[in-house]
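*Asks:* Sharing a structure below in C-alpha cells format, with a few things to ask.
Just so it is clear, none of the values below were taken in a lab; they were calculated from the coordinates. All figures in this text were calculated on a predicted structure; none of them were measured in a lab. Quick reminder, even Gly has a Cβ in these numbers, built from the backbone with ideal geometry, and neighbours come from all protein chains shown.
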Amino acid sequence: MAIVSSNIDQSDSLSSKGKKRVVDGAPLADEKRSFREDGLRPKCLDDYIGQSALKEVLGIAIQAALGRGDALDHVLLYGPPGLGKTTMAMVVAKELGVKCRITSAPALERPRDIVGLLVNLQPKELLFVDEIHRLPRIAEELLYPAMEDLRLDLTVGKGSSSRVRALELPPFTLVGATTRAGALSSPLRDRFGLIHRLDFYNLRELQSIVRRASELLRLPLNDDASIEIARRCRGTPRVANRLLRRVRDFATVQGQKDVIDASLVEEALSLHCVDRRGLDATDRRLLELLMNSYGGGPVGLETLAAALGEDASTLESVVEPFLLQIGFLKRTPRGRVLTQVGKSHLQEQQKI
Ligand code: ADE
C-alpha cells in the first residue's frame, strides 16, 4: 500500500502555556513529519492490538467489499487523539490492497484542494481526511455528491455565465477521522456507511503495544518495565510509544546494555515529570491548587485559570479531560472539585 500525503497541517499540538507535553495524545510536529517512516504502526488488522469491536466490523466490511469487487463503504472514525484513527485508515487501505491518500481538513482551504484529490483518485482507493469536523463549507458541499453519487459538481466560468459541470468519479472510500463527532453536520455524517468510536485501551492492550514496539525498536524490556509504561500513557498508544522513546533515550545515555526494568522506566519518566498514573506537572499543578488553596473546591474554571496563569479554554479542553476521565476531578454546577481518589493520589505522590 502506498501512502500519499497532502498538505498535512503542520501546526503543532501546543497545550498548556504553549509547551509541548510528553503526555499529549495529539501528535507532536516531529511525529507528524515522520509518520511515513514510523515503523511502529501496525500494518495489518492482525497486528493491530485492541479496538476489537472496530476490527471485527471493518474486517467483515473489507472481506465483503473485496468479495464483491467494490470499494469499501465510507467510514467515520471518532474518538480522542492518539488512539489510532490514522493507523486504522492505513491498515484498511493495506487490507484492501489500495493506496491511502492522506490529508487533513484544514488543509482543504480552497475548492481546488479537494477537487485535486478527488479527480486523482484511482478506482477503490482510500482518501483519509483527518479532523474532518474542520472541513471548510465549500469542500464539504463538494463532498456530498462525490460520496453519494460519485459525482463532482464543478462550477465553470464566472458570474451569470457560470455553469455546473458534473464529473464522474471512480468508486472510492472516504475515511474521515474526528475528535469531535458532534461537530459534524448531519448531512456529512449521514453519508458514512460505517461510523465507529475508538475507545481508550486497557492496561493489557497497552502492555502488548509497548512490548511490540520495544521489539521493533530492539529495546529489551522486562514485564515490569512494559507495564510501567502502559500505566503512564493515559490509555493512548501514541503516548505509550512516545514514552518508550524517552526511555530509550535515557537508556542510551546511561549506556544501559541490560534488559530495561521498571526502575529505569521510573527514572527516565520522572525526568519528564510523568507520574505513575500518567499525570504530568500541568495536571498536578491544577490538582494541587485545588487541594492546597481551595480546600478541594468547588472553584470556577476562570478562577483556576487565572491562578494558574493558563487560558481557560486550554484548561478545559486540554488539561481537564483526562483528569475527569480517571475520576480525579469533577465538574459541578458550582465549579471544579478534587475527588477523594485525586486527593489520595496527590498525597501518595508527595510521599515518594
Ligand atoms: N502502535 C500504536 N497503536 C497500535 C495498536 N493499536 N496496535 C499495535 N501497535 C500499535
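*Asks:* Under unit Cβ charges (Lys, Arg +1; Asp, Glu -1), what dipole magnitude, rounded to 20 debye, does the chain have relative to its Cα centre? Each step should come with its number before you reach the end.
*Replies:* Details: 51 positive and 46 negative charges, 58 e Å.
Charge dipole of the chain: 280 debye, to the nearest 20.
*Asks:* How would C233, C44, C273, C100 line up from fewest to most surrounding beta-carbon atoms within 10 angstrom?
*Replies:* The most exposed by this proxy come first: C44, C273, C100, C233.
*Asks:* Moving to a separate point now. Using the basic label-point model (7 angstrom from Cα toward the beta carbon), what is the R331 to E215 distance in nanometres?
*Replies:* Roughly 4.1 nm, to one decimal.
*Asks:* How much of the calculated P(r) for the stretch 301-352 lies past 11 Å, in percent of all Cα pairs?
*Replies:* Tail of P(r) above 11 Å: 71 percent of Cα pairs.
*Asks:* With n ≥ 4 as the cut-off for DSSP H runs, can you work out [θ] at 222 nm for the chain, using -39500 (n - 2.57) per run divided by the number of residues, rounded to the nearest 500?
*Replies:* -13000 deg cm²/dmol, from helical runs alone.
*Asks:* Report the relative contact order of the stretch 47-168, percent, no decimals, based on alpha-carbon pairs under 8 angstrom and at least 6 residues apart.
*Replies:* On the way: 112 pairs, mean separation 22.7, N = 122.
Relative CO of the stretch 47-168 lands at 19 percent.
*Asks:* Counting DSSP beta bridges in the chain, what percent are antiparallel, to the nearest 5?
*Replies:* 35
*Asks:* Using 0.36 nm times the number of residues separating K158 and D224, minus their current alpha carbon distance, what extension gain do you get?
*Replies:* Full-extension gain reported as 17.1 nm.
*Asks:* A follow-up question, please. For Cα pairs less than 8 Å apart in space and 6+ apart in sequence, what is the mean separation divided by the residue count of the chain, i.e. the relative contact order in percent? Spell out each step's value before the answer.
*Replies:* Details: 553 pairs, mean separation 60.7, N = 352.
Relative contact order, the chain: 17 percent.
*Asks:* Could you grab the relative contact order for the stretch 203-270? Cα pairs under 8 Å, six or more apart, rounded to a whole percent.
*Replies:* Averaging sequence separation for qualifying contacts and normalising by length gives 39 percent for the stretch 203-270.
*Asks:* Counting other C-beta atoms within 10 Å, which of K85, K330, K99 has the fewest, and how do the rest follow?
*Replies:* Details: K85 26, K330 15, K99 18.
Ranked by crowding around the Cβ, least crowded first: K330, K99, K85.
*Asks:* Continuing with the same structure: Determine, for Y48, Y201, the number of other Cβ atoms within 10 Å of each Cβ, and report the residues in order from fewest to most.
*Replies:* Least to most surrounded, the residues fall as Y48, Y201.
*Asks:* For E125, list long-range residues whose amide hydrogen, built 1.01 Å from N in the peptide plane, is under 5 Å from its own amide hydrogen.
*Replies:* T173
*Asks:* Anything over 18 Å Cα to Cα? Flag those among K43/K85; K20/K85; K55/K94; K43/K94, in the order listed.
*Replies:* Too far apart for the 18 Å limit: K20/K85.
*Asks:* Rank L152, Q207, I195 by how far each Cα sits towards the positive end of the charge dipole of the stretch 107-232 (+1 on Lys, Arg Cβ; -1 on Asp, Glu Cβ) and give me just the farthest.
*Replies:* My answer, from the dipole projection, is L152.
*Asks:* Looking at the calculated P(r) for the stretch 80-147, what percent of the C-alpha pair distances fall above 18 Å?
*Replies:* Result for the distance tail: 39 percent.
*Asks:* Expected output is a single nm value to one decimal: the length gained when fully extending between N202 and L150, i.e. 0.36 nm times separation in residues minus the C-alpha distance. What is it?
*Replies:* In short, 14.8 nm is gained.
*Asks:* State the dimensionless ratio Rg/Rh of the chain (Rg: radius of gyration of Cα atoms; Rh: Kirkwood radius).
*Replies:* So for the chain, dividing Rg by the Kirkwood Rh gives 1.02.
*Asks:* Sticking with this structure for a sec: Test of understanding: what is the full-extension gain from S185 to A307, defined as 0.36 nm times their sequence separation minus their Cα-Cα distance? If you can, show how the numbers build up before the last one.
*Replies:* Numbers: separation 122, 0.36 × 122 = 43.92 nm, distance 3.70 nm.
Computed gain between S185 and A307 is 40.2 nm.
*Asks:* R276 to V341: FRET efficiency via 1/(1 + (r/R0)^6), r the Cβ-Cβ distance, R0 22 Å, to the nearest 0.05?
*Replies:* 0.95
*Asks:* Another one. What aspartates and glutamates does K257 reach when the alpha-carbon gap must be under 14 Å and sequence neighbours fewer than 8 apart in one chain are set aside?
*Replies:* D249
*Asks:* Turning to a different aspect of this structure: If the cut-off is a Cα-Cα distance under 18 Å, which aspartates and glutamates reach K330, setting aside same-chain residues fewer than 8 apart in sequence?
*Replies:* D283, E288, E302, E316, E320
*Asks:* Can you tell me which of 333-340, 224-231 comes out highest on packing, and rank the rest after it, using the mean Cβ neighbours within 10 Å?
*Replies:* Ranking, from highest mean packing down: 224-231, 333-340.
*Asks:* Using a Förster distance of 35 Å, how high is the FRET efficiency between S263 and I195, based on the Cβ-Cβ distance and rounded to 0.05?
*Replies:* 0.20
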